[in-house]
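Here the structure is laid out as structure tokens; the discussion comes afterwards.
The values are calculated or read from the model by the stated rules, or taken from the named source; none is laboratory data. These figures come from a predicted structure and were not determined experimentally. Backbone-built Cβ (ideal geometry, glycine too); neighbour counts: all protein chains shown.
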Amino acid sequence: MTQSIQERVKNANAAYSAGVPYLTDIEYDLLWQELHALDPYNKHLYHTARNPNLGQDIHPHLYKIKGTNKAFKQDDLKPFLQRFGNQPLILEPKYDGCAGVLYRQSGEKFKLLLEGNGLAGRDISHHLNRIKFTWYPDAVESVELIIPWSRWEDSYGANPRNVVAGWLARTELPHNIEMVGHNESPLLEEYNYDGNLDLLSEKLLELHTIWKAIYPIDGIMIKVKDHKLRLTSDTHDEVYAWSIAWKPPIQTADTSVTNIEWNVSRTGRVIPTVVYKEIELCGTKNTRATGNNAQWIKDKNIKQKDIITIGKAGEIIPKIICIKEKIDQNNTWSILPVYCPMCKERLKFKGVHLICDNDKCIASLIKSISYFYSDKGMDLKSIGENMIADLLDNPDIYNVLIDNPWALLSPKEYNIYDQIISIWGQAKTKIYIYNLNKINKTKNACHFIAALGKKGCAYKTALKCYHSMKGYEIKSHIQKDASINFAFSMIEYYKANKFMLSFNFIPIPEPPKILYCITGALSSSRNDMIAYLESQQWQFSNQVSKFVSILIVGDKPGKTKITKAKEHNILMIKEIDLPNYIKKGD
């Protein structure tokens, strides 16, 4: 099976290298994913054949042209973002044309070669008189030859890339085409990744929708902005490490607004959800998308019957791309709510959000209490928002949980156990007690503090704050807000722990023994490695610095990290030797 798929990919690569592609980009991507699933290191995945038959018009490139890694789902982006997410990034279209290399020679004389197989390509310099470009190239530029939609005619054919390839194979171009630089793109946007992968995916979907109306594109390129870092980054032999192509299944559809629903979050923000007539995108039917925030709804003036464009990319939730048409300009339907949909308190704007600042609002209570028991907090399974809502309908339990959201960790001390049984029933209560016993004597004060949901006080930050409070040297910065919220949360912890006699917290672990970094490809999953070493009190660092104690070296390590490790005299060990170091306790 692998051989058959490999031959099909190999033949498609050879056709592309020869300038006569016969598959659409979508067809090729599906074939590529099939081979990648069977053999992720297959040499035919990352570039075309490596044995070109040099003809009269075939010329070697000055530098080897490599391919790019591809991301067909969100998780595919994680290795790239784990490595480069703290660097300024560039987002630009992945154009659906023919790739080439432009060489600037003396004066205004240029030489243009197709990318070919990455080692050599066909000379198409004779077409330059009909190829338009509006930027001044460097000595060597990676480029894309493409037909903008503004110049496209239906008579050209069905597939933009194949049309360009067919034209370039002729003696003369029948029409003008455009050349854009991969590093001088007319469409690009700088992006600073803040760790929110969903937000990045939404941004990529938004840009894809806008850009595909200007040029034929088949994805979005994500690149490191710093050209010096590009040169010094570790690179795979077949692909550039500093870029990745985002290419999930992407679909958009137009529909009409039927309603806007408003729900209160655990922080008191009143969040809009736009409801629309059912559409199907990426194989799933949907009728709802987030309205971002109240200010966004107000600025867009979204009302019933308006036509909106909804987009979906792979597994991310549907997103409103734009308001395509205002149907009824005289519609007096009220856009924003005046009162909280739960407690009827008057709402007020805080920044871009409508806020319910009633701390006894039932909606906020439900969300904040369920957050306390979620996997981001105490991780008490089987307790969700609906079960919390049922409890809060009971006045006695409401009065306890409003001031003591942790009471479900020790229900008998808070005298609510009998009421819980009467509300949840014997079966649900039995499951709850079983899961409660599972986490008893497994959580520490920092889990409790993270469960309170204070700004900046996630579990790892709470650990750092605690170690700092105890006088340990902390090797990274702690935000002021986090320190303040941690201090107040500790007071809540001491208050709760003193009363909850049947729930036992374990001591907070000591600071990490080792701060380490990883370079190169590992034989196992990098995330699995990080999770395992965390259990050994090792802390992962994305960058090599003077604070790092060990650099774990995998296959084809990065030159930059190796160089920095030598500068700081950091111990370097191979992945295969790691178990011995852990076993010895070195």
Answer yes if at least one residue in segment 197-209 is among the hydrophobic types (A, V, I, L, M, F, W, C), over 24 Å from Ile316 (Cβ atoms), assigned to a helix (DSSP H, G or I) and touching a helix residue (DSSP H, G or I) at 6+ places or on another chain (Cβ under 8 Å), and no otherwise. no
Which is more than 28 Å from Asp403 (Cβ to Cβ), of a type in the set (Lys, Arg) and modelled with pLDDT under 90, of Lys464, Lys480? Lys464
Please find, among Ile214, Ile271, the residue that is under 30 Å from Asp357 (Cβ atoms) and out of contact with any Lys or Arg (no Cβ under 8 Å at 6 or more places or on another chain). Ile271
So Leu354 ticks every box in (1) of a type outside the set (Lys, Arg); (2) modelled with pLDDT under 90; (3) buried (at least 20 other Cβ atoms within 10 Å of the Cβ); (4) farther than 24 Å from Leu401 by Cα but one. Which box is left unticked? (2)
All positions within segment 200-243 that are buried (at least 19 other Cβ atoms within 10 Å of the Cβ) and either hydroxyl-bearing (Ser, Thr, Tyr) or outside the structural domain of Glu144 (by TED's automatic domain parsing) (or both): Ser201, Tyr215, Ser233, Ser243
Would you pick out the residues in segment 439-475 that are in contact (Cβ under 8 Å) with a residue 24 or more places away in the chain, closer than 24 Å to Leu409 by Cβ and among the basic types (Lys, Arg)? Lys441, Lys443, Lys454, Lys455
Which fully enclosed strands (runs of 3 or more DSSP E) of segment 227-312 have 3 or more residues being free of Cβ contacts under 8 Å to residues at least 60 places away in the same chain and of a type in the set (S, T, N, Q)? 250-264, 284-290
Note on segment 448-501: residues in contact with a strand residue (DSSP E or B) (Cβ under 8 Å, 6 or more places away or on another chain) and either closer than 16 Å to Phe372 by Cα or of a type in the set (S, T, N, Q) (or both) are none
Helices (runs of 4 or more DSSP H) wholly inside segment 358-430 that include at least 3 residues being of a type outside the set (S, T, N, Q) and under 36 Å from the mean Cα position of the chain (by Cα): 362-372, 385-392
In segment 366-392, which residue that is in contact with a helix residue (DSSP H, G or I) (Cβ under 8 Å, 6 or more places away or on another chain) and more than 19 Å from Ser410 (Cβ to Cβ) is surrounded by the fewest Cβ atoms within 10 Å (Cβ to Cβ)? Gly384
Among the residues listed as Ile491, Ile478, Ile506, the single one being β-branched (Val, Ile, Thr), within 22 Å of Asp379 (Cα to Cα) and free of Cβ contacts under 8 Å to residues at least 24 places away in the same chain: Ile491
Go through (1) among the β-branched types (Val, Ile, Thr); (2) touching a Phe, Trp or Tyr at 6+ places or on another chain (Cβ under 9 Å); (3) without any contact (Cβ under 8 Å) to a residue 12 or more places away in the chain one by one and return the number of the condition Ile514 breaks. (3)
Would you say Ser185 is in the same structural domain as Lys73 (by TED's automatic domain parsing), surrounded by fewer than 19 Cβ atoms within 10 Å (Cβ to Cβ) and of a type outside the set (A, V, I, L, M, F, W, C)? no
Would you call Ala165 in contact with a Cys (Cβ under 6 Å, 6 or more places away or on another chain), among the small types (Gly, Ala, Ser) and touching a residue at least 12 places away in the same chain (Cβ under 8 Å)? yes
Evaluate segment 439-458: report whether one residue or more is touching a Cys at 6+ places or on another chain (Cβ under 8 Å), in a helix (DSSP H, G or I) and more than 24 Å from Ser364 (Cα to Cα). no
Answer residue from segment 139-162, given it is surrounded by 13 or more Cβ atoms within 10 Å (Cβ to Cβ) and of a type in the set (D, E, K, R) and is nearest to the chain's Cα centre (by Cα) among those: Glu144
For segment 88-107, which positions are among the basic types (Lys, Arg) and either surrounded by 21 or more Cβ atoms within 10 Å (Cβ to Cβ) or not assigned by TED's automatic domain parsing to the domain that holds Leu229 (or both)? Lys94
Among (1) at pLDDT 85 or above; (2) over 27 Å from Tyr41 (Cα atoms); (3) out of contact with any helix residue (DSSP H, G or I) (no Cβ under 6 Å at 6 or more places or on another chain), where does Gln82 come up short? (2)
